Amino acid sequence: MTDLVPSAVKACCASAYGSDAARMLLGDSFHPGGAELTERLGQILELTPATRVLDVAAGRGTSAIFLTERFGCEVVGADYSLANIEAADRLSQAKGLCGKVAFQVADAEGLPFPDSSFDAVICECALCTFPDKEAAVREFARVLRAGGKLGISDLTRDGVLAGELDGLMSWIACIADAQPLSRYDALIKGAGLSVTASEDHTDHLVEFVTRIRTRLLAAEVMAGLQKLVLPAFDFEAAKHIATYALDAVKKGNLGYAIIAASKAA
Ligand SMILES: C[S@@+](CC[C@H](N)C(=O)[O-])C[C@H]1O[C@@H](n2cnc3c(N)ncnc32)[C@H](O)[C@@H]1O
């Protein structure tokens, strides 16, 4: 996968997750464990109404809004996809949360926020898709204040994945460039942060992929009956990836984890 152009990967990823197909297959929360794992992340980071949080790659704003409602914290959500940011803005306006939650188009690898401007940074199911993970984690560390906390949840890889999981669609599906837990730890330490906790949540990944497979089959039937229009969506390729991904999870080659870290006070 070394021949992929980073800017094309980011644009493709943003376009895929801003599409109707992503919503239909994933719902509003684009990560395994949904609100339950987001709540767990909030507990680990000890969020309170006094915490200012940055949600990097916030998708449609589901987690940012959930965290505000659950913990009372102020959240800024940043995402590469304009369609997602617009959807997140609409949702926060409809919920009357505009004073507490804000959204902005941004690239995780070059965040448009000042140094030390957040108490906590979260990044759910997205670091694995960034072409330059070192730059992104360096940015997380830069925008955190001294004593601030980082919470990542992401796919983990152990060993070699099947060749069928090595392609752009698989990369965007958070699989092809998922890293071993030890590599995420090294990236975090390399950015000057200390890892404080990691938890395995692979059970949520099994549920997530199984649900996507079921929705894919249903969507294919609906598309066949012309009750659903998903232009240019490759059902065969998506089903193939879901099947191989589930197999990789069962073999222990793919997992899902939360990793927490802190910046020295
Ligand atoms: C799997 S989704 C996760 C979204 C959200 N965190 C959630 O859990 O619902 C990945 C998200 O990363 C965003 N993304 C991809 N590359 C990005 C980048 N370089 N900077 C910021 N966001 C990016 C995509 O637009 C997409 O919304």
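Quick one: grab the alpha carbon gyration tensor of segment 25-163, order the square roots of its eigenvalues as a ≥ b ≥ c, and give me rounded if a/c is under 1.5, else prolate or oblate depending on whether a/b is larger than b/c. Rounded, because the longest to shortest axis ratio a/c is under 1.5. Net charge dipole, segment 1-80: roughly 60 debye, given to the nearest 20, about the Cα centre with Cβ charges of +1 for Lys and Arg and -1 for Asp and Glu. The phi torsions of segment 162-169, fed into the Karplus equation with coefficients 6.51, -1.76 and 1.60 and a -60° offset, translate into couplings of 4, x, 5, 9, 10, x, 4, 5 Hz, rounded to whole numbers, with Gly and Pro shown as x. Post the alpha-carbon centroid distance, segment 1-66 to segment 202-225, in whole angstrom. Taking the Cα centre of segment 202-225 as reference, the centre of segment 1-66 is 19 Å away. Annotation for Arg70 and Ala11: the two label points, set 7 Å from Cα along the Cα-Cβ direction, are 3.6 nm apart.
In Å², what does the accessible area per residue of the chain work out to with a 1.4 Å probe?
Solvent-accessible surface per residue comes out at 44 Å².
Between Ala197 and Asp132, what is the FRET efficiency for a Förster distance of 22 Å, r being their Cβ-Cβ separation, to the nearest 0.05? Result of the calculation: an efficiency of 0.30. Taking amide H as placed 1.01 Å from N in the peptide plane, the amide H of Leu54 sits under 5 Å from that of Val76, Ala120, Val121, Ile122, each at least 5 places away or on another chain. Rounded to the nearest 0.05, the FRET efficiency derived from the C-beta distance between Arg90 and Glu164 at R0 = 51 Å is 0.85. Simple spin-label estimate for Asp3 and Phe113 gives 3.8 nm between the two label positions (7 Å along the Cα-to-Cβ direction from each Cα). Placing pseudo-labels 7 Å out from each Cα toward the beta carbon at Ala146 and Asp20 gives an inter-label distance of 5.3 nm. Apolar share of the accessible surface for segment 1-71: 53 percent from carbon plus sulfur atoms, 1.4 Å probe.
A Gaussian network model of the chain, with springs between Cα atoms under 10 Å, assigns the largest mean-square fluctuation among Met24, Met222, Met169 to Met222.
Using a Gaussian network model of the chain in which every pair of alpha carbons under 10 angstrom is joined by a spring, one finds that among Gln104, Gln43, Gln179 the greatest mean-square fluctuation is at Gln43. Per-residue Karplus couplings for segment 13-23, computed as 6.51 cos²θ - 1.76 cosθ + 1.60 with θ equal to phi - 60°, are listed in order as 5, 4, 5, 5, 7, x, 8, 5, 4, 4, 5 Hz, Gly and Pro entered as x. Amide H contacts of Leu254 (H built 1.01 Å from N, in plane; Pro and chain starts excluded): Asp158, Val249 sit under 5 Å, all sequence-distant by 5 or more or on other chains.
Calculated [222 nm] ellipticity per residue, helices only, for the chain: -14000 deg cm²/dmol; basis is -39500 (n - 2.57) per DSSP H run with n ≥ 4, divided by all residues, nearest 500. For Leu82 and Gln226, the FRET efficiency from 1/(1 + (r/R0)^6), where r spans their Cβ atoms and R0 equals 22 Å, is about 0.15. Does anything in segment 136-177 have its amide N under 11 Å from the 7 Å Cα→Cβ label point of Glu36, and if so which residues? Under 11 Å, as judged by backbone N against the label point of Glu36, lies no residue of segment 136-177.
The values are calculated or read from the model by the stated rules, or taken from the named source; none is laboratory data. These numbers were taken from a predicted model, which means no experiment stands behind them. Quick reminder, even Gly has a Cβ in these numbers, built from the backbone with ideal geometry, and neighbours come from all protein chains shown. The protein model used for the area step is the full one, side chains on, heavy atoms only, and it has no ligands, DNA or RNA in it. Shrake-Rupley method; radii C 1.70, N 1.55, O 1.52, S 1.80 Å.
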